[in-house]
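Every read-out reported here was derived from the displayed coordinates using simple, explicitly stated rules and does not represent laboratory data. What you are looking at is a predicted structure, and each value in this text was computed from that prediction instead of being measured. Don't worry about glycine lacking a Cβ; one is built from the backbone with ideal geometry, like all the others, and counts go over all protein chains shown.
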Amino acid sequence: MRIDLITSLFSAFSEPWWKIFYDFSILTRGVDEWLRNLMTPFWTVVIEMVIIGVVFLLLYAVIGLFLVYAERKVCAFLQNRLGPNRIGPYGIFQTIADLVKLLFKELIAIKNADRFLFNLAPYIVIIVNFMVISALPFGKGLHAIDFNIGIFYILAVSSMGIIGVLLAGWSSNNKYSLIGAMRSGAQIVSYELSIALSLITIVILAGTMQLSEIIEAQRSGWFIFKGHFSALIAFVIYLIAGTAETNRGPFDMAEAESELTAGYHTEYSGIKFAFFYLAEYINMFVVAAIASTMFLGGWMPFHVAGWEGFNNVMDYIPPFVWFFGKTFMVIWIIMLFKWTFPRLRIDQLLTLEWKYLLPINLVNVLIMAFLVLKGWHF
Amino acid sequence: MSSIIQYFREIFQGIWSLLKGMRVTSGYFFSPGKIVTQKYPNNRKDLVMFERFKGEVIMPHNENNEHKCTGCGICEINCPNGTIEVISKTIVTEDGKKKRAIDKHIYRLGMCTFCALCVKTCPSNALAFSQEFEHAVFNRSLLIKISNKPGSQLMKGIE
Amino acid sequence: MEENIKEIVVGEQEDYVINMGPQHPSTHGVLRLVVTLKGEIVKNVEPHIGYIHRGIEKMCESITYPQIIHLTDRMDYLSASINNESVCLAVEKALEVDIPDRIKVIRTIFSELTRIQSHQLFWASYGMDMGGQTCFFYGLRDRERILDIFEETTGGRMLISYNCPGGLMYDIHPNFQKRVKDFIKYFRKVLPEYDAILTGNVIFTSRTKGIGHLSLEDAISYGVTGPSGRASGFSCDVRKHEPYSAYDRVKFNEVLYTEGDTFHRYLARIEEMRESMNIIEQLIDNIPEGPYAVKMKPIIKLPEGEYFQRVETSRGELDTFVISDGNKNPYRIKFRTPCFVNLGVLNHITRDFKIADLIAIAGSLDLVIPDIDR
Amino acid sequence: MDKEKLAEIVKSLIPGAEIKQGKNYVEVSVGNADLFSAAMILRDNPETLFDFLISISGTDYASDMGLVYHLESTKFRHMIVLKTRTSGRDNPVIDSVCGLWKSAEFLEREIYDLLGIKFNNHPDLRRLFLDSSWGFPLRKDYVDDINIVSK
């Protein structure tokens, strides 16, 4: 009976196993068919959801831990240091050790804090994070949900994370936290505009909001090349606004270590602090992932029109490698921002948004619309 | 019009200045040879301190377990913090004379500020600085050290 | 502490009072600033100090002059060598000892090296205050080279206690000149990087230019000396006006600006590093031969009277005022420390700026807390 | 300006003062009642113009308290030492010079804290380093069995 099950699973695949690296939908479709043959559609859906949930939990933890490690190593190399080097070869288990430490730490109950909101805040941040990464296309067919309004959904959901930050700042009953949370609120409200507008520039070019179709539209060339300087400007603005959106330096107003000690998460300890910490890094990953999806072709290999041999070679690299490669490229740039620049002041932050980014962005959207109307893009 | 030019010039100058900073930091990122960190406890074996390094005050002894301290107490007087305490005793030399010698030369490392006045003012150069710098101990009483080794004697020819 | 606490509670109901410090990342030590805010606007800053008051002046009254030296190290630990020199000069002035040129030149070189490493640390920590954390590591990386030079000659890294009444504790190490020259060659190459990362950075300039303005009149009236005062155009460099040691034989410019804002206080320090390197370059190749210390009596007793010695530390003017009654220890010794006086101006120049500017302004005054508390 | 000339000018400006040529600087001693007026004259007179108060040092002499003001003129670059003595040491009071030099605010607070000299017209005379449970440590008769250990 059991052997039958496994052979039936394998027989569900119509193509060689290594093909799944290039098109993941072969695997998902196969598993889906296999499950549907075994049980009712309801249970199929339940089991598939559980599998996806577990996979995302794992992915979340792995990406978070890896990014923390990467950030430490990157900043260490920028600063002529070695970075973590004690636990495991090249210190690769350092973040795991830190996680264990944070798990064992005491969760300090703040005396005059609003207990319910105080405990709720980290979960809101984490849940919002999960909702966002579920919509990301990691590779061809490696996609949990492919909304037809994918970008719209991501924008809408990702800005909900600020509720967690505001709650954390408010409920901690700490003056530094409150200032940090208020700053963060002002920051996200204004930078959400820039992110949306710079992505709309690309949506105009792609003609769709569905992430898979946006990537498919970049088969003949990435949007950053196809959309002339207009796409380039949108990319730069997106990078700036995205860095601001994730509360990372030079826009880490909400934390502002040298001013507000730790800002909104001053009073958090142990695993609750780790949630905020992880969420910050996943946010960075999300921002970078969207940047690579919208501007750099997502999982689409680097193609040059007319160079058939070159394009074929590029096709041999699996799509998820392309996706993660591009994403970590963007993450590296964001890290470089953080470790090079001094922090802005809160009013300069808003000036930068309302006086520079927003007007340029609006004009840019018009230019892009004009380019698309005239058909001048590649 | 000029204000518009000014607006764009500001933007480009700003971006240029940011790129200059990023060039420096990314330059260091791609040159791993410039890393200055020392892996401290791992490089203990080949870690050489400078010869004048002020680790702690010691009393050098020669191979016959002899030191140069006459017990005059000048180091004790010169120490600003009361780090050094000289306890002397009277001994009878071979030719029957009574003579002062140290019983204990107590050095309280926890109080020492490494001003080097004791080493500098010692008339018989009995004290010196060692290169030892790993002073951390679990018990404060371990920081009270006795500089002269047990059974040691005054070196011949030093009064 | 009772009365202090009462003071804080008093105030308007809608005032938002926060305590910055004693443990705060950017007060650089145990300085507590009671900041009254309106939104993010600073309405009043009241420094509360004394957390590490050690009573150095009281301690000095019971110890001899050579022993005082190592206590002065611990006032402004970043200009330890210059603090030492101040007491030594006061004692030598009182005893009317002639100091050979060799000692003077070496003292000057050490003072200037101390000044450079102090400004390097300023640059490092100021970058960190502004949020650019990489500055901290670059600054400390370069400072380490000077500390190595110190360590080779004196055996100490930060609190070197190198001067003593009548000269120096030891002669310079044979490698000293070569190492100093190597360092200057290296540092001239690295200093433009400092400018690329911080000085020219558009975020940094927009955060510091026009912030915390201190006018010339206020600078003089508040007695703000050192680079902070010179940024306002207050010509207060003791090295120029009352040269001590070998400063009368070297050519250097007093770094003066007229703007008096945070950016120029920062810039004055960067420029002073260049001037210090010029001074060292003039002296390092012609250190005269001679003894490294004058023979002094074993017990130094100052004749009865009052002695006043001004020196320029890396933060401003340090004055040692000794009242002697003819004994081996001073009857009263008073250190006019630069940071203590500079702190007095903080409330004046931070008012009506934002809380982030408070960090920028307080950082630009380059306060060292042990120097305030003594 | 050399020291003799400065001494003459000061002599003519403050007739009641006792003027002495110190080793490096001119030393002017005034009575404690005249201190503020003497300081104001020294600061405002166009020939002296001592606009920079370098430091104020207080000393406990066994019978009374001494205060020494070191002044410099940023225009002429000459220095002067202004001295005064309080009457008695039980409750010494002296006029504050905060109105003339703003740096005096902190310097006088320090002296009040460590020596117990009170300053009239000081805007904010509170203890600076220590809290009210302490005595005045820089006085010679200060006893502290816990923190001061003598051999």
Mean separation of Cα contacts under 8 Å, 6 or more apart, over the residue count of segment C:56-346: relative contact order %: 26 percent
Which value in deg cm²/dmol, rounded to the nearest 500, describes the helix-derived mean residue ellipticity at 222 nm for chain B, given -39,500 (n - 2.57) per DSSP H run of n ≥ 4 and division by the residue count? -7500 deg cm²/dmol
Which of the lysines could be linked to A:Lys374 by a straight reach, that is with a Cα gap under 27 Å, when you skip same-chain ones fewer than 8 residues away? A:Lys226
Residues of segment D:106-150 with amide N under 18 Å of a point placed 7 Å along Cα→Cβ from C:Arg54: D:129-130, D:138, D:147-150
Just how large is the dipole of segment D:55-151 about the Cα centre, in debye to the nearest 20, putting +1 at every Lys and Arg Cβ and -1 at every Asp and Glu Cβ? 360 debye
Please name whichever of A:Ile52, B:Tyr107, B:His67 sits farthest to the positive end of the charge dipole of the protein assembly as shown, dipole taken about the Cα centre and charges placed at Cβ: Lys and Arg +1, Asp and Glu -1. B:His67
What does the helix-only formula give at 222 nm for chain A: each DSSP H stretch with n ≥ 4 adding -39500 (n - 2.57), the total divided by the residues, and the result rounded to the nearest 500 deg cm²/dmol? -22000 deg cm²/dmol
Pick from C:Leu78, C:Leu318, C:Leu191: which residue has the top mean-square fluctuation in a GNM of chain C where Cα pairs under 10 Å get a spring? C:Leu191
Need one number: nm distance between label points at A:Leu59 and B:Met111, each 7 Å from Cα along Cα→Cβ, rounded to one decimal. 6.7 nm
Partner aspartates and glutamates whose C-alpha sits under 18 Å from that of B:Lys98, ignoring same-chain residues fewer than 8 away, are B:Glu159
Over 21 Å between C-alpha atoms is what I'm after, so list which of B:Lys45/B:Lys104; B:Lys97/B:Lys156; B:Lys89/B:Lys149; A:Lys175/C:Lys38; A:Lys73/A:Lys338; C:Lys104/C:Lys295 land there. B:Lys45/B:Lys104
Debye calc, one equal point scatterer per Cα of chain C, no solvent, log10 I(q)/I(0) at q = 0.07, 0.08, 0.09, 0.14 1/Å comes to -0.31, -0.40, -0.51, -1.20
If I take R0 = 22 Å and measure r between the Cβ atoms of A:Ile51 and A:Asp146 in this structure, what FRET efficiency does the formula 1/(1 + (r/R0)^6) give, to the nearest 0.05? 0.80
Where does chain C land at 222 nm, in deg cm²/dmol rounded to the nearest 500, when only DSSP H runs of n ≥ 4 count, each adding -39500 (n - 2.57), divided by all residues? -14500 deg cm²/dmol
Using a Förster distance of 25 Å, the FRET efficiency for C:His348-C:Glu254 (Cβ separation, nearest 0.05): 0.55
What percent of all Cα-Cα pairs in segment A:105-374 falls in each 5 Å bin, counting up from 0? 1, 6, 12, 16, 18, 15, 12, 9, 5, 3, 2, 1, 0, 0
Taking the 0 to 90 degree range and rounding to the nearest ten, how far is the long axis of helix C:133-154 tilted relative to the main principal axis of chain C, both from C-alpha atoms? 20 degrees
Compute the convex hull volume of the Cα atoms of segment C:84-237, divide it by the residue count, and report the result per residue in Å³ as a whole number. 136 Å³
Pairs of alpha-carbon atoms within less than 8 angstrom and 6+ residues apart define the contacts here; what relative contact order does chain D have, in percent? 18 percent
Would you mind working out the magnitude of the charge dipole of segment C:45-84 relative to its Cα centre, with +1 at each Lys and Arg C-beta and -1 at each Asp and Glu C-beta, to the nearest 20 Debye? 120 debye
Could you let me know the centre-to-centre spacing of segment C:121-142 and segment A:356-371, using Cα atoms, in angstrom? 38 Å
Output the Kirkwood hydrodynamic radius of the protein assembly as shown, Cα pairs only, in Å rounded to one decimal. 33.2 Å
Counting DSSP beta bridges with both partners in the protein assembly as shown, what percentage is antiparallel, nearest 5? 85 percent
For segment D:3-120, count the residues as N, evaluate 2.2 N^0.38 Å, and divide the Cα radius of gyration by that value, please. 1.00
Largest fluctuation, C:Tyr65, C:Tyr257, C:Tyr170 only, Gaussian network model of chain C with Cα springs under 10 angstrom, belongs to C:Tyr170
Segment C:308-338 and segment A:137-164 have their Cα centres apart by a whole-number Å value of 68 Å
When the convex hull of the C-alpha atoms of segment B:57-154 is computed, what volume per residue in Å³ does it have? 108 Å³
Cα-based Lys pair tally, segment D:1-150, threshold under 21 Å, eight or more apart or on separate chains: 21
Rank B:Met59, B:Met22, B:Met111 by mean-square fluctuation in a GNM of chain B with C-alpha springs under 10 angstrom and give only the top-ranked residue. B:Met22
Give me a single rounded figure for A:347-356: the average over its residues of other chain Cβ atoms within 10 Å of their Cβ. 2
Given Cα pairs under 8 Å that are at least 6 residues apart, what percent is the relative contact order of chain A? 20 percent
Given a Förster distance of 51 Å, the FRET efficiency implied by the Cβ-Cβ spacing of A:Phe229 and C:Glu217, rounded to the nearest 0.05, works out to 0.50
If I model a spin label at C:Tyr77 and B:Ala136 as a point 7 Å from the Cα along the Cα→Cβ vector, what separation in nanometres do I get? 1.7 nm
Mind checking the mean number of beta-carbon atoms from other chains within 10 Å of the Cβ atoms in C:346-359? 3
Take peptide D:130-138, look around each residue's Cβ out to 10 angstrom, count Cβ atoms belonging to other protein chains, and average those counts. 3
When we measure straight from the Cα of C:Lys189, which aspartates and glutamates land under 12 angstrom away, once same-chain ones fewer than 8 places off are left out? C:Asp142
